[in-house]
Each structure stands twice: as C-alpha cells, then as structure tokens.
Amino acid sequence: MADARPTPHRLRIDAGGVHLAGLVVLPVTAVRGALLVCHGAGSRKENHVIMAEQAAAAGLASLVFDFRGHGESDGVMDHEAGHDVPAAAAALRAAADPPWLAARGSSLGAYWLLRAAQAEPDTFRSLVLLCPADEHSLLSGLDRFAGWTPAGQAGPRTTALDAPTLHTPALDIPALDTPPGMPPRLSAAGAGSPHGRFDVPRLRALWQSTDIFRSASGLQRVLLAHARNDEDVPFSVSERLLTALSPPRRLIALPRGGHKAAQRSPLVAQATIEWTLDHGR
C-alpha cells in the first residue's frame, strides 16, 4: 500500500477587501505547527508548492498564496500589500488550527514578511528569509520594471521585480472552504506585465519611506539564506540584517546560483524545516 501524500487544496483569502488565491497543504498526520510561504515579485504560489509539500511531510501545515497583483489573486501590488501576510497567516490558522505559526519569504516576500513580523511580533514563532530585498534593491528593480517591454523587443534585464515565473501546468486542486463571489478587481494604476501587476508610483513612495533593517531590529529566531553572487539583491543585505537581528539567528551563504539559488536549494529547504521545527517547541 502506497504511503499517503499531502494534497493541496485551494483557499480564498480576504486581505482588506482584495481576494488572494492560496493553496493549503495539510499533513496526513497530526499538525505539529504551520509554515506560511511567501513568494517574491513576479512569482506565484505554484513555484513554492514543493516547499509546502516538504513541510507537510514533516508534520507542518503549510500555505502558499499569490500576493495581490500576482498569479490568481486580484488587485495590484501596491502600498496596501502589507495586509496580505497577516491575512494569509489568519487563513492558515483557521484552516489548520496549528499550535504555532512560522513563515518563509523570498525577496519581496521577505520584505513584506519582515514588515508583518515587526507590526505583530507574536504572530510567527520563527522566520526564514531568502535573499531578502531591501528598499534600495526594490527601487532599482521597480525602475527597471516601469520600463518593461513585451517579449521580443528591447528592454531591461530580468530583475527581482520582473523575474519570469516558471510555466507550470494548471493544477486540478479541490477547493477548501471557498466562499462565493468576490470577482477580480484590477487597478488602472498598475503597470502590467505577464509576471505581475504593480502600482509603480505608490510602491516607489513606500520604499522611499521604509527601512528593512529597522524592521528587522531585535527580531529573534530568524534564518537567512543568500547567494554571494546574487545579481539583484546584494549579499551584503543579509550580512547587515544579521547584525540587526537578535539571537538565535543564522545566515546560510551559498557560493553561487544568483537570485533564485536559495529558493531552489535542497539544503535551504531542509534547513527551513529544521529551523521551523526547532524553534516551534
């Protein structure tokens, strides 16, 4: 008899009136805790399902979701996206009833995760941040994104804000507690590309007024992972964050692989699960 495998289920999330699409993966055994997984700019939840399944195999309920302006979620990525992480955390708690929550975020997802952890420090027992994007890197990427051109034409190089998503097939996934209605709501203010919808002026104003290092100051139980040759977010960002954090903290330095190295690393995936379980006790 084959071993039972955790199955993703669709979940709808209300983030301040914006509908977000999520996939929740529940373990087949007792829930030991829960892991919220936050993708980066230009990505989508399907690119992180493997992490959610690995977490579920370790007894962790997990939720991957599309930030506003991404994937199957409504709206545009703007200054209100700070609502998305707390809303997703609440949805994961309601779906799995775990004894505690942890979270992992990549690039822009790590930025929003740090902001949420600063605002509500009791929400997450621990954090894992992959190549966390600071405001300087986000603003640089946003400037390139604002000049995005269709495929086949001259345009800016791929950045943390318009990185191509993996072309994954549609998943036949059953819904879990799906409420009716909530049609898509798109903003004309959003600059568009196949990889995300961004409100450039509002994001620029936000990132000129926030400080990721201040958000990280004093936070505990944070694991960082970053490639030394990251072309979009300098490795020095994680080094500086490490000094702002309080123990226990750790930085995994990957020698190569670029901006996506930490997300794709089996070593980092295993370290994510171990860190989450070790600090959930």
Filter result for the condition that a residue is modelled with pLDDT under 95 and of a type in the set (Phe, Trp, Tyr), over 148, 100, 112: 148
Show the residue pairs that are 6+ apart or on different chains and have beta-carbon atoms under 9 Å apart, the first residue being within the stretch 238-250 and in contact (Cβ under 8 Å) with a residue 12 or more places away in the chain, the second being hydroxyl-bearing (Ser, Thr, Tyr). 244/215; 244/217; 245/217; 246/217; 248/126
Going through the stretch 1-56 in order, the residues found to be closer than 16 Å to residue 71 by Cβ and among the basic types (Lys, Arg) are 10, 12, 44, 45
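So that you can scan it fast, the table gives a plain yes or no per residue for (1) in contact with a strand residue (DSSP E or B) (Cβ under 6 Å, 6 or more places away or on another chain); (2) surrounded by 24 or more Cβ atoms within 10 Å (Cβ to Cβ); (3) not β-branched (Val, Ile, Thr):
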| site | (1), (2), (3) |
| --- | --- |
| 81 | no, yes, yes |
| 92 | yes, yes, yes |
| 104 | yes, yes, yes |
| 109 | yes, yes, yes |
| 113 | yes, yes, yes |
| 118 | no, no, yes |
| 126 | yes, yes, yes |
| 133 | no, yes, yes |
| 141 | no, yes, yes |
Read through the list (1) in contact with a strand residue (DSSP E or B) (Cβ under 6 Å, 6 or more places away or on another chain); (2) modelled with pLDDT of 95 or more; (3) not in a helix (DSSP H, G or I), then give the number of the only condition that residue 178 fails. (2)
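Is it fair to say residue 5 is charged (D, E, K, R), buried (at least 24 other Cβ atoms within 10 Å of the Cβ) and part of a loop (DSSP other than H, G, I, E, B)?
no
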Go through the stretch 88-136 and give me each residue that's without any contact (Cβ under 8 Å) to a residue 24 or more places away in the chain and under 24 Å from residue 258 (Cα atoms). 136
Within the stretch 201-216, the residues that are in contact (Cβ under 8 Å) with a residue 40 or more places away in the chain and part of a loop (DSSP other than H, G, I, E, B) are 208, 210, 211
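Conditions (1) surrounded by fewer than 19 Cβ atoms within 10 Å (Cβ to Cβ); (2) modelled with pLDDT under 95; (3) part of a helix (DSSP H, G or I), marked per residue:
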| residue | (1), (2), (3) |
| --- | --- |
| 226 | no, no, no |
| 233 | no, no, no |
| 238 | no, no, yes |
| 241 | no, no, yes |
| 253 | yes, no, no |
| 256 | yes, no, no |
| 275 | no, no, yes |
Looking at residue 90 and the list (1) among the small types (Gly, Ala, Ser); (2) part of a helix (DSSP H, G or I); (3) within 24 Å of residue 205 (Cα to Cα), which single condition is not satisfied? (3)
Residues in the stretch 207-215: is at least one of a type in the set (Phe, Trp, Tyr), crowded, with 21+ Cβ neighbours inside 10 Å and under 18 Å from residue 51 (Cβ atoms)? no
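The values are calculated or read from the model by the stated rules, or taken from the named source; none is laboratory data. What you are looking at is a predicted structure, and each value in this text was computed from that prediction instead of being measured. We place every Cβ from the backbone using ideal geometry, glycine too, and count neighbours over all the protein chains shown.
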